[in-house]
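**Student:** I have a structure here, written as structure tokens, and I will follow up with some questions on it.
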Amino acid sequence: MKIDPYKHKEKYLRWKFGQQGHVQDITRANADLIRLFIFDLEVGLNVSRTSKRGPRSYVRLNTLRDRLSNLARKLTERFSLDLITDVTEEQIHTLFHEMRSGTIAKKNGKNYMSVGDFVKDFKTFWHWHMEIQRKKGLTVPDITSYLSAHKDKPKWVYLDEEQFKQMRDQAKYEYRVLMTFLLDSGVRSPTELVNLLVSDFSDDFTTVHVRDAVSKTFGRRIKLMLSTDLVRDFVRKKKLAPTDQVFKISPTVANRYFKRLAQRVFGNGKSLAGEYYNRISLYDFRHISACYWLPRYKSESALKYRFGWKQTERIHYYTELLGMRDNITEDDLLLDVEKTEIERRLAQSERDKQTLQEQLIAMQKQMERISKVTERLMLQAA
């Protein structure tokens, strides 16, 4: 069974059955509409023809419900709309513009940092609405055509090799093992991490198997190069059975510990990836791992396999090429024709050298024979 560290399934089912799909703080009409939308996506019904088929995950359903409820609430406050589907193209563009500019802020007064995600989810909802109306014989215009779902890449904490060692060496034993394994394997944390069992490690802990059932993309067998001894000793010290979790952690507790540790080691400084060191999280270690392995892998496809990526763009997204070095040499400047000519000359030089060595040996032998003849002649003359 796949472990859900954030309990997305429990949260969704508690809302669906415990609250009968009730959505708080919005009009009854919006609540009913959003509930129908979420229930359809739960089974994969009435999704856009350009979207993937099949039911949506519990994390996706929870996210859609929260964001659509938020948008419905803001549309009521901003334009006095009782129903989200009454919004016009101009109104929805205005709403997202004001969210991006900070005119409309969060409840805590801070600006929205992921307006692009709200746009994406509204498009999902609107295309569902269009499909529902199409089945009734009605045509609804697509008011989302000109909406931009662009969002700035979130800042994250980058640690180079020396910084990683500094932080790791001051960590408690369990977290030292965890940090080293995350750098080594690059597994998604916490989703893939907490689902790793002792039985997923093989060849004396030199290989770890991320199963298809627990991976976001695809299963893979990862060769461990840095953490084998630590993980093996950790499993033995904890006396873990083959069916036990290796890293039985609470993401909230682990993140809190890493933040305190980074604060102690690096203070209030900001990393090269734009985020403050004391805001480091489990998620950042996947970025750090990608930066570590990028200059070491000769094959792009092999690097993508290790991290479970299907798209090449993920390499730059996760690394931003931090930690890369310009390692070009003079040899790289030579054209293939020039290299071939140089190699031919080197081969000829090697053959000439061999010939000279053979001639020298022959001369030495001839001199030895002459010396022996001379010695005999001198003895006879005496």
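**Student:** Could you tell me the calculated FRET efficiency between residue 114 and residue 198, based on Cβ-Cβ distance and R0 = 41 angstrom, to the nearest 0.05?
**Tutor:** For residue 114 and residue 198, the calculated efficiency is 0.65.
**Student:** Note the listed values (1) 20.4, 65; (2) 32.8, 134; (3) 21.7, 78, then indicate which one is Rg and Dmax of the Cα atoms in Å calculated from this particular structure.
**Tutor:** Computed from these coordinates, Rg and Dmax of the Cα atoms in Å corresponds to label (2).
**Student:** Run the paramagnetic zone check for residue 145: 7 angstrom along Cα to Cβ, then residues of the range 86-108 with backbone nitrogen under 14 Å.
**Tutor:** The answer is 89-90.
**Student:** Continuing with the same structure: Considering only protein heavy atoms, what per residue accessible area in square angstrom results for the chain with a 1.4 angstrom probe?
**Tutor:** Here the residues of the chain average 60 Å² of exposed surface.
**Student:** If each of residue 52 and residue 301 carries a label point 7 Å out from its Cα toward its Cβ, how far apart are those two points in nm?
**Tutor:** Simple spin-label model gives 2.2 nm for this pair.
**Student:** May I ask you to give the percent of accessible area on the chain that is carbon plus sulfur, with a probe radius of 1.4 Å?
**Tutor:** Its accessible area is 52 percent carbon and sulfur atoms.
**Student:** Can you order the peptides 153-160, 265-272, 294-301 by their average number of other Cβ atoms within 10 Å per residue, highest first?
**Tutor:** 153-160, 265-272, 294-301
**Student:** While we're on this one: Can you give the extra length, in nm with one decimal, that the chain gains between residue 268 and residue 1 once fully stretched, where that is 0.36 nm per residue apart less the Cα-Cα distance?
**Tutor:** 92.0 nm
**Student:** Could you work out how far apart the two model spin labels at residue 283 and residue 321 are, taking each label as a point 7 Å from the Cα in the direction of the beta carbon, and quote it in nm?
**Tutor:** 2.5
**Student:** Obtain the nm distance between the two label points defined at residue 172 and residue 29 by a simple spin-label model: each point lies 7 Å from its Cα along the Cα-to-C-beta direction.
**Tutor:** Distance between the two pseudo-spin positions: 5.4 nm.
**Student:** Based on DSSP H runs of at least 4 residues, each adding -39500 (n - 2.57), what is the mean residue ellipticity at 222 nm of the chain after dividing by all its residues, to the nearest 500 deg cm²/dmol?
**Tutor:** Computed ellipticity for the chain at 222 nm equals -17000 deg cm²/dmol.
**Student:** Between residue 347 and residue 370, what FRET efficiency comes out of the Förster formula 1/(1 + (r/R0)^6) with R0 = 30 Å and r the beta carbon distance, rounded to 0.05?
**Tutor:** 0.30
**Student:** Take each of the peptides 343-352, 71-80, average the number of other beta-carbon atoms within 10 Å over its residues, and list them starting from the highest.
**Tutor:** 71-80, 343-352
**Student:** Kindly rank 307-314, 106-113 from highest to lowest mean number of other beta carbons found within 10 Å of each residue.
**Tutor:** Packing proxy ranking, top to bottom: 307-314, 106-113.
**Student:** Hey, quick one: spin label on residue 9, modelled 7 Å out along Cα-Cβ, who in the range 40-72 has an amide N within reach, i.e. under 16 Å?
**Tutor:** 42-43, 55-62
The values are calculated or read from the model by the stated rules, or taken from the named source; none is laboratory data. Keep in mind it's a predicted model, so treat the numbers as computed, not measured. Neighbour counts run over all protein chains shown; Cβ positions are idealised from the backbone, glycine included. Surface areas here come from the heavy atoms of the whole protein model, side chains and all, with no ligands, DNA or RNA. Shrake-Rupley method; radii C 1.70, N 1.55, O 1.52, S 1.80 Å.
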